[in-house]
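In what follows, a structure is listed as structure tokens, so that the remarks can point back to it.
The values are calculated or read from the model by the stated rules, or taken from the named source; none is laboratory data. None of the values given here were measured: they were computed from a predicted structure. Positions of Cβ are generated from backbone atoms using ideal geometry, with glycine treated the same way; all protein chains shown enter the neighbour counts.
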Protein chains: 2
Amino acid sequence: MSDPHDREIQATGTVRPGGRTARTRAAVHDAVRELMTENGGEPPEIPEVAARAGVHPATVYRRWRTRESLVLDVAVSDVNVASPIPATGDLRADLLAYTRNLVETFDRPGGLAFVRALATAARDTRSGPERTQEILRPRLELFQRLLDASGTTELTPLDVVLLVLSPAYLGATFGMLQPVGEHAEQLVDNVLDVVAGRRARAAAREPRDG
Amino acid sequence: MSDPHDREIQATGTVRPGGRTARTRAAVHDAVRELMTENGGEPPEIPEVAARAGVHPATVYRRWRTRESLVLDVAVSDVNVASPIPATGDLRADLLAYTRNLVETFDRPGGLAFVRALATAARDTRSGPERTQEILRPRLELFQRLLDASGTTELTPLDVVLLVLSPAYLGATFGMLQPVGEHAEQLVDNVLDVVAGRRARAAAREPRDG
DNA sequence: ACCTTATCGCAACGAAAATTGCGTGAGGAC
DNA sequence: GTCCTCACGCAATTTTCGTTGCGATAAGGT
């Protein structure tokens, strides 16, 4: 996670994650976050980041190599912090809380950075899909726990992504979500409609329980 | 459309859209399409495009100025050709035909280029949202005609975008749509479930017709 | 066919990004 | 505290992008 690019493994195998290295890493990450919010979610240029972080550009080039991998590194570091996923057992309430949070996050400048960085990484033909799935897995598991909490068997985590996350994402990128609160509620309503529809179809196929 | 950047208007007002100019434009457009499909939908760099098109880089810089405006120009040129939107009156059939086409388009390398280019353009704070809406308007009107043909009053074109286009887009970017055909059918089923849900709620609010 | 001029190729230039070798200082194990 | 070495700062260098002036050629109207 801290070294996303192909780093030559040292013969001794010793790693040095603390002290100055950690400080530099934190400073660079903070600089990336700041510049990204200031610049509307656009991945900042390496020299700019280095100047903001008070670090020599060569250091950033050596450790992260490219803009994309740097932004992805920051985004992955934030994935566990941002957008908590509740699981109280009330499907509508849980989804609504998550979706509200998500829509508001996307609405803020730089809020799309994580998804965009992930999309950029996924486009990379080398370590693309595998790494993407690896990063997404914990989030999908949290979605699964949200669904399990309410006993919703009609939905998969992928459904939640496609019905909530993707419309919120595209809506935000195209500036189509004027009333943010209503938007979130509508997305959740859509999800519940899909659940109802699938449940009805399942009941029609198997009339006496299952 | 052919001159997306601020071109200084000549005093005489004469434009010269034919002959050599048209040839270079076509060559550059083809080069952009080729490189974009080869590179996974990534906007190619200007010198690369120029080399592929057999044109001097300065020419491309003069006419299009930046990668983004060049890609957007190509995308806008293709918007009327790609992804026809049927309107036979059968909502499910129309949506399915459109969605199948869309999913397949997105699945092809470079198929996401248009949406991505549009997203990049929308991110531009200057001419962002207005230009985006302007480009999207004809598509949204086609969606409206699709809905009108079947008398579906519960959906807006924006709903179609959020329920079909955005999941197809995000699914394609993250490589989450293994069985493409099933994916399209599932998206359409979701839309129909939403229609049913909204119709039921509307009937509940207004028991005796409306 | 001629004339005007928009557009292109060419090349030189400038600026900024990205790479690399080397010396030094900080981390971490003993 | 001592030693080893990883990571950083520094600076020189290479690479690449993007701009601009100028001459040549091709478009299009008369």
Per the list (1) of a type in the set (A, V, I, L, M, F, W, C); (2) under 27 Å from A:Ala121 (Cβ atoms); (3) modelled with pLDDT of 90 or more, residue check on B:Met176 breaks on (3)
Please name all residue pairs, on different chains or six or more residues apart, with Cβ atoms under 6 Å, provided the first residue is in the range A:57-74 and is among the charged types (D, E, K, R) and the second residue is buried (at least 23 other Cβ atoms within 10 Å of the Cβ) and not in a helix (DSSP H, G or I).
-> none
Hey, can you tell me all the residues within the range B:94-119 that are surrounded by 21 or more Cβ atoms within 10 Å (Cβ to Cβ), within 10 Å of chain A (Cβ to nearest Cβ) and assigned to a helix (DSSP H, G or I)?
-> B:Val115, B:Arg116, B:Leu118
Hey, does the range B:126-137 have a residue that's under 23 Å from A:Leu162 (Cβ atoms), assigned to a loop (DSSP other than H, G, I, E, B), within 13 Å of chain A (Cβ to nearest Cβ) and polar (S, T, N, Q)?
-> no
Determine whether the range B:181-196 contains at least one residue that is within 11 Å of chain A (Cβ to nearest Cβ), not in a helix (DSSP H, G or I) and not basic (Lys, Arg).
-> no
So, in the range B:40-56, of the ones that are away from DNA strand C (no atom under 13 Å from the Cβ) and free of Cβ contacts under 8 Å to residues at least 40 places away in the same chain, which residue ends up surrounded by the most Cβ atoms within 10 Å (Cβ to Cβ)?
-> B:Pro44
Out of the residues in the range B:29-69 that are under 14 Å from B:Thr120 (Cβ atoms) and of a type in the set (Val, Ile, Thr), state the one that is nearest to the other protein chains (Cβ to nearest Cβ).
-> B:Thr66
